[in-house]
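Below is one structure, written out as structure tokens, with a few remarks after it.
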Amino acid sequence: MLVFKFGGASVKDAKGIINLGSVVKKFDDEQILIVVSAMGKTTNALEKLTKAYINGDDQLQEIFDEIKNYHYAIIEELFEPRHPVFDEVANTFVEIDWVIEDEPHEEYDFIYDQIVSIGELVSTRIVNAYLNQAGIKSQWLDVRGYVHTDNTYREGIVQWEKTCAAINKDIPPLLQKGRIVTQGFLGGTSENFTTTLGREGSDYTASIFASCLGAESVTTWKDVPGILNADPKLFEDTVKFDELSYTEAIEMTYYGASVIHPKTIKPLQNARIPLLVKSFTHPDEPGTIIHEASGGKLEKPVIIIKQNQVLLSISARDYSFISEQQLSTIFKLFSQAQVKVNMMQTSALSFTVCFDLYEERFNKLLLALKAGFKVKYNDGLTLITIRHYSPASLKELTDGKTVLMEQLSRNTIQLVVR
């Protein structure tokens, strides 16, 4: 069997959903589990809605109406007025009404997951209804009953044994009856609350199902022809890799390459399942395959740009050395605030880290650190990572920029710049 994952760009409008159906039809003889993300920029819109709810913003209902109208416009293009999908989508949006009709009283991350998860629940209702209308027999599946996680909201940790047991009990018989359409990005707790697996987590969902089911392959359908050496929105002379090793792909995602979720590769590598990254507009082209065999030299450096970075320096109040005991305390505070470190350096008197700016988490971390340490930081910075770098590529990327921190290894250089 095959696992397909379609991202938000592939289902951003009615044309995209029709195209999804055309891609699936090319594999008529295969059992396919289809993982779908929220449509277009819906996750961003739902994040905006969550913040408006937490902050008591007067525009809350206006933001929610925009989200609903966007989806209803797509449905109206695809279906007759009395189609059951209208009620299915309306009933799903009601779950947000239930949340926002009360005053916020839970932690932000919990509320975030209960609201933002609706994007995937709605998109899969629409995709599943369209596939059946187009003569492709499929069944909608609530992923929250199969991907079991702990209570780490926004970064749910998968309980693998329980997850695989649930998947292997129900999914193979369902695949005998037709396609399955389910949500990426989401999980469920033992208390039946929704969790999310981290932004862009739908790739990870696909690899979870593939790993548990022993799939032949995973294909993630993108708006790019495969994996490129750099972001084509930022660089003109990008090249596509025909193949990558699991190891190289893991390194790229670890450093922030956004084409694949960082946790996606390891379950596939453990099960020796190849990952294909292909274009949903040109599905017959080969794309990129990630598998065990590739060991060839990459023809161009891999360039990864992460914007909106914070560079934070921590030192002891009494000017003492940064010891292992102090580092242990610092990392514990980072863990409690759910802040992931992208780059770090230690000197005699300070510990400096670079990380993505998420305001709620950063403010929590800053408050905790200031209780025991001296802290200073810069924000609005950029982290540049170059794998298989050359002096020429390094010079080109740093011209006209101020380098605030630098790290160099045999294969990789990282630079925090302003």
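The values are calculated or read from the model by the stated rules, or taken from the named source; none is laboratory data. A quick note: this is a predicted structure, and the numbers were derived from the prediction, not measured. Neighbour counts are summed over all protein chains in view; Cβ atoms, including those assigned to glycine, are modelled from backbone coordinates with ideal geometry. Just so you know, the surface numbers come from the protein's heavy atoms only, side chains and all, with ligands and any DNA or RNA stripped out. Shrake-Rupley method; radii C 1.70, N 1.55, O 1.52, S 1.80 Å.
The set of residues in the stretch 10-52 that are open to solvent by less than 40 Å² (accessible area, probe 1.4 Å), among the small types (Gly, Ala, Ser) and closer than 18 Å to Ile126 by Cβ comprises Ser10, Ala14, Gly16, Gly21, Ser37, Ala38, Gly40, Ala45. Scanning the stretch 408-415 finds one or more residues that are part of a loop (DSSP other than H, G, I, E, B), of a type in the set (D, E, K, R) and open to solvent by 60 Å² or more (accessible area, probe 1.4 Å). Does Thr219 satisfy the condition of being of a type in the set (S, T, N, Q), out of contact with any helix residue (DSSP H, G or I) (no Cβ under 6 Å at 6 or more places or on another chain) and assigned to a helix (DSSP H, G or I)? Judged against the criteria, Thr219 is not a match.
Scan the stretch 73-89 and tell me whether some residue there is at pLDDT 95 or above, assigned to a helix (DSSP H, G or I) and within 23 Å of the chain's Cα centre (by Cα). Within the stretch 73-89 (the criterion being at pLDDT 95 or above, assigned to a helix (DSSP H, G or I) and within 23 Å of the chain's Cα centre (by Cα)), the answer is no, since none of the residues qualifies.
Note on the stretch 380-407: residues that are closer than 19 Å to Leu298 by Cα, open to solvent by 10 Å² or more (accessible area, probe 1.4 Å) and not in a helix (DSSP H, G or I) total 4.
Return yes when Ile118 is out of contact with any strand residue (DSSP E or B) (no Cβ under 8 Å at 6 or more places or on another chain) and hydrophobic (A, V, I, L, M, F, W, C) and no when it is not. Considered against the rule, which asks whether it is out of contact with any strand residue (DSSP E or B) (no Cβ under 8 Å at 6 or more places or on another chain) and hydrophobic (A, V, I, L, M, F, W, C), Ile118 comes out as yes.
Among the numbered conditions (1) of a type in the set (A, V, I, L, M); (2) modelled with pLDDT under 95; (3) touching a Leu at 6+ places or on another chain (Cβ under 7 Å), the only one that Ala392 does not meet is (3). If you filter the stretch 286-343 down to residues that are aromatic (Phe, Trp, Tyr) and part of a loop (DSSP other than H, G, I, E, B), you find that the one that is modelled with the lowest pLDDT is Tyr319.
Restricting Phe331, Phe321 to residues that are under 25 Å from the mean Cα position of the chain (by Cα) and open to solvent by 80 Å² or more (accessible area, probe 1.4 Å) narrows the list to Phe331.
Of all residues in the stretch 155-173, those satisfying the criterion of being surrounded by 15 or more Cβ atoms within 10 Å (Cβ to Cβ) and at pLDDT 95 or above are Gly156, Val158, Gln159, Thr163, Cys164, Ala166, Ile167, Ile171.
Rundown of residues vs (1) open to solvent by less than 10 Å² (accessible area, probe 1.4 Å); (2) under 30 Å from Trp98 (Cα atoms); (3) within 16 Å of the chain's Cα centre (by Cα); (4) modelled with pLDDT of 95 or more, yes/no style:
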residue	(1), (2), (3), (4)
Gly178	no, no, no, yes
Leu197	yes, yes, yes, yes
Thr220	yes, no, yes, yes
Glu236	no, no, no, no
Val239	no, no, no, no
Ser245	no, no, no, no
Glu248	no, no, no, no
Thr253	yes, no, yes, no
Ala257	no, no, yes, no
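Selection of first residues in the stretch 138-166 that are part of a strand (DSSP E or B) and of second residues that are among the charged types (D, E, K, R) and open to solvent by 30 Å² or more (accessible area, probe 1.4 Å), restricted to Cβ pairs under 8 Å at least 6 apart or on distinct chains, gives the following pairs, ordered by first then second residue: Gln139/Lys177; Trp140/Arg125; His148/Lys162. Note on the stretch 190-249: residues that are in contact (Cβ under 8 Å) with a residue 60 or more places away in the chain and either among the aliphatic types (A, V, I, L, M) or farther than 30 Å from Lys297 by Cβ (or both) amount to 21. When Ile304 is tested against (1) open to solvent by 70 Å² or more (accessible area, probe 1.4 Å); (2) in contact (Cβ under 8 Å) with a residue 40 or more places away in the chain, just one condition goes unmet, and that condition is (1).
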